[in-house]
Each structure stands twice: as structure tokens, then as C-alpha cells.
Amino acid sequence: MNRLLAAVPVIGLLGLAAMLGVGLTQDPQKLPSTLIGQTVPPFDLPPIAPDIPALAHTAFQGQVSLLNVFGSWCTSCLVEHPVLLSLARRGAVPIYGLDWKDEPGAGAAWLARHGNPYTAVGDDASGRVALDLGVTGAPETYVIDAAGIIRHKQIGPITDTVWRETLEPLVTRLRANSS
Amino acid sequence: MTTRAIRAAGLLPWLLPALLTPRLWAVTPEELLSDPALEHRAREISQELRCVVCQNQTIDDSDAPLARDLRLLVRERLAAGDSDREVIDYVVERYGNFVLLKPPLQTNTLLLWVGPLACLAIGIAGYGVYLRTRRREEVAPLTLAEEARLAEILDLDRARVQPAPAREISQQTGADTRKTDP
């Protein structure tokens with residue numbers, strides 16, 4: 001009995017260590033999105049340039065698509081940009097852009113320089129729409145199903161691996177569900 | 001050691017202004033609401049909300065652009081007539097309970113709230129058990145046979161140390177003999 005009691009603190013300590021150990025492996029910057037399973041909040045943003053279509057929440061109806069939060073100031077957006085361009089070139093999935101907190105014209109200039117993978121881009125200069133989406137940083141990408149419901153949030157750049165292992169299977173599954 | 005202490009004390013007048021200056025906030029003048037009552041509520045709310053970029057700061061403290069956006073949002077909602085609760089719920093709806101620096105009591109935060117109290121209770125209980133078992137050992141009465149043996153040893157002892165000249169010495173040697181006595 002006494003020996004059993006003596007083991008209690010040791011077991012407790014090991015349990016705590018295990019719990020904290022698991023906590024260490026998790027990235028606190030990756031917040032679970034509260035908007036998963038909810039429809040895209042309504043918004044209607046102006047275009048970033050006359051020749052690039054503007055973006056409103058109505059765009060997300062009728063097809064599986066991605067909503068990508070970017071900015072000309074965002075360095076890791078450059079990392080995923082070639083991946084997005086290649087997806088757009090292949091017609092893998094429509095990608096919509098949210099130009100987050102950019103100076104007027106800066107987003108358009110950035111797209112002119114690096115290429116434009118977006119079907120349409122909304123100019124969220126004030127960051128208000130990003131707040132409604134629960135954006136915590138750029139780049140962030142939402143996978144939205146044909147009913148306009150947010151199904152997944154990718155925090156950080158989309159690499160080839162992320163696309164192949166996470167996003168592509170999800171897009172395929174969502175397409176199968178909606179048809 | 002002392003010279004170091006004196007030198008440290010000499011620094012105090014220089015540090016004093018820093019200690020006396022009121023805490024500085026990240027809030028910039030153009031963000032402030034003109035209505036002082038609303039502004040006061042905005043500040044109170046801002047101090048309860050966590051900045052999701054610099055995660056250990058409140059949005060009131062943080063210089064991150066996103067924190068600024070959230071401060072403006074809080075003020076916008078207040079100006080639109082929301083209650084404090086409604087403003088906080090609005091932000092939580094978008095960013096989750098994580099933004100609350102004081103998380104609500106619910107099943108998945110139960111451990112967080114009850115954990116420290118539980119640890120304290122376990123500690124007190126453990127100490128109680130320890131005290132009780134220790135006392136029990138102390139007051140355990142001797143059996144008759146043990147009493148008899150004890151008396152025998154004491155008698156033997158007394159007889160042996162009696163010839164010693166001083167009482168203090170007798171006690172010391174008594175202790176010694178008891179140890180060596182088979």
C-alpha cells in the first residue's frame with residue numbers, strides 16, 4: 001500500500017512530462033480555425049487593378065476553390081507563388097486571392113512581376129475581411145467547397161508536398177461529394 | 001560583495017524614472033475613440049484579448065499590425081452599440097477561445113482550471129498521510145516484553161555508570177555503553 005502511494009508522484013510527474021512533451025511538438029502559431037464548416041463570411045472587395053477581376057464571397061459558389069491570403073510585403077508568399085502558378089496553369093483548382101493590407105497598387109505590381117495565378121483578387125487594404133476570416137498571418141489558404149463552406153485552412157506556404165499530400169486529396173474528395 | 005551592492009544602489013536613481021513612468025501601450029492616438037467611456041471599455045476589452053501574432057501579448061500591448069486591426073475592430077463594434085460581451089464573442093467567433101487570455105471554464109479547459117487546485121489538494125493530502133503515519137510510529141506502545149527489556153537495560157546502565165564522578169559524564173558514557181552493549 002505504502003509503496004503504491006510512493007509511486008503516485010512519480011507516475012504523476014511522468015504523466016505531466018508526457019503532456020508537456022506533446023505540447024512542445026505543436027506549433028502555437030497554427031491556430032485551429034473556428035471557421036471550418038462555416039460559409040465564407042459575406043464580403044465584396046474592390047479590385048487591385050482595373051484588369052484583374054474583383055472578389056466577393058459569391059465567387060465561392062458552385063465549385064471547389066482555394067482562397068489564398070497574400071500580400072506584396074509577405075516574403076513567404078514568394079515561396080508558394082511558383083506552386084500556385086503551376087496549379088493555375090494546369091487548371092488544377094480555381095485560386096482566389098485576398099490581397100491583405102497592401103499599399104494601393106503594390107499587390108498588382110507584385111502580381112505583374114511574379115505572375116498572376118488568381119482568378120480574381122480582392123483588395124483588403126484595411127484587413128477587415130481578413131479579420132472576418134480569422135487570418136493570423138500570410139500566407140494562409142482556405143479550401144472552400146462547392147457550397148461555399150470552408151473545409152480546411154492551410155497556414156504557411158503551400159509547397160508541392162502540402163498540395164500533393166493534403167490539399168489535392170481534399171479537393172478531389174470535396175469534388176466527389178458535391179457532384 | 002558589499003561594493004557590488006553599493007554600486008547597484010547607486011544605479012537606483014537612474015532606474016527610478018523607468019519604474020515610475022506609467023506603462024506604455026501600443027495604442028496610437030488616432031485609434032482612440034472620442035467618447036472617453038467607450039474608449040475606456042475598448043481598453044478593458046483589448047486587455048482581455050490575446051494578439052494572435054505575438055501570442056503572449058494582449059492586443060492592447062502589441063505593435064503587430066493585426067493587433068492594431070483588432071483594436072480598431074473592437075472600437076468599431078463598440079461605436080456600433082455592441083455590449084462588451086458581444087464584442088468579445090465577435091472576436092472569439094473568428095479566432096476561437098485562444099484569443100481569450102482568461103479561457104472560459106468548459107470541458108477541455110477543466111484541467112487548466114482545476115489542475116493547480118488538484119495538485120495542491122494532492123500535496124496537502126499526501127502531507128496529511130505522512131504526518132499521520134509518522135505520529136502512529138511515535139506513539140506505538142511498547143509490549144510488556146519490551147518494557148521489561150528496557151527496564152533491564154536501564155538498570156544495567158545505571159549500575160555501570162554509578163561510580164562516575166560527574167553527572168554530565170555519566171550521561172555521555174551512558175549513551176556510549178548503550179550502543180556497545182550487546
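The values are calculated or read from the model by the stated rules, or taken from the named source; none is laboratory data. Predicted, not measured: the structure shown is a model, and the values here were computed from it. Cβ: placed from backbone, ideal geometry, glycine included. Neighbour counts: every protein chain shown.
Could you tell me whether segment B:154-162 includes any residue that is at pLDDT below 85 and part of a loop (DSSP other than H, G, I, E, B)?
yes
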Fill in the blank from the handout: Taking segment B:83-104 and keeping residues farther than 11 Å from residue B:70 by Cβ and either without any contact (Cβ under 8 Å) to a residue 40 or more places away in the chain or touching a Ser or Thr at 6+ places or on another chain (Cβ under 6 Å) (or both) leaves B:83, B:85, B:86, B:89, B:92, B:93, B:96, B:97, B:103, B:104
Practice task
Filter segment B:98-110 down to residues that are outside any loop (DSSP other than H, G, I, E, B) and exposed (fewer than 10 other Cβ atoms within 10 Å of the Cβ), then give me how many there are.
Solution key: 2
Exercise for the section: Identify all residues within segment A:137-163 that are surrounded by fewer than 22 Cβ atoms within 10 Å (Cβ to Cβ) and among the hydroxyl-bearing types (Ser, Thr, Tyr); write none if there are none. Expected result: A:159, A:161
Fill in the blank from the handout: Selection from segment B:111-130 of residues loosely packed, with under 11 Cβ neighbours inside 10 Å and more than 14 Å from chain A (Cβ to nearest Cβ) yields B:117
Exercise for the section: Inspect segment A:58-66 for any residue being under 19 Å from residue A:155 (Cα atoms) and within 11 Å of another protein chain (Cβ to nearest Cβ) and give the result as yes or no. Expected result: no
Fill in the blank from the handout: Given (1) closer than 21 Å to residue A:154 by Cα; (2) surrounded by fewer than 15 Cβ atoms within 10 Å (Cβ to Cβ), residue A:3 misses just (1)
Fill in the blank from the handout: Residues in segment B:61-97 that are within 26 Å of the chain's Cα centre (by Cα) and either among the aromatic types (Phe, Trp, Tyr) or not in a helix (DSSP H, G or I) (or both) total 1
Exercise for the section: Taking the options A:72, A:76, A:126, A:178, name whichever one is touching a Gly at 6+ places or on another chain (Cβ under 8 Å), surrounded by fewer than 18 Cβ atoms within 10 Å (Cβ to Cβ) and either away from every other protein chain (no Cβ under 14 Å) or touching a residue at least 24 places away in the same chain (Cβ under 8 Å) (or both). Expected result: A:76
Exercise for the section: Report the residue count in segment B:46-59 for those that are more than 22 Å from residue A:138 (Cα to Cα) and either in contact (Cβ under 8 Å) with a residue 60 or more places away in the chain or out of contact with any Asp or Glu (no Cβ under 6 Å at 6 or more places or on another chain) (or both). Expected result: 1
Problem - Search result, residues across segment A:144-175 that are among the basic types (Lys, Arg) and touching a residue at least 12 places away in the same chain (Cβ under 8 Å) - result: A:151, A:153, A:175
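Which of the residues that make up segment A:76-125 are at positive phi and out of contact with any Phe, Trp or Tyr (no Cβ under 8 Å at 6 or more places or on another chain)?
A:91, A:105, A:115
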Problem - Which listed residue is within 15 Å of the chain's Cα centre (by Cα) and within 14 Å of chain B (Cβ to nearest Cβ), from A:95, A:155, A:144 - result: A:155
Completion exercise
Only one of B:133, B:107 is facing chain A (nearest Cβ under 9 Å) and modelled with pLDDT under 85, namely B:133
Problem - Residues (in a loop (DSSP other than H, G, I, E, B), in contact (Cβ under 8 Å) with a residue 24 or more places away in the chain and of a type outside the set (S, T, N, Q)) located in segment A:103-123 - result: A:103, A:105, A:115, A:117, A:118
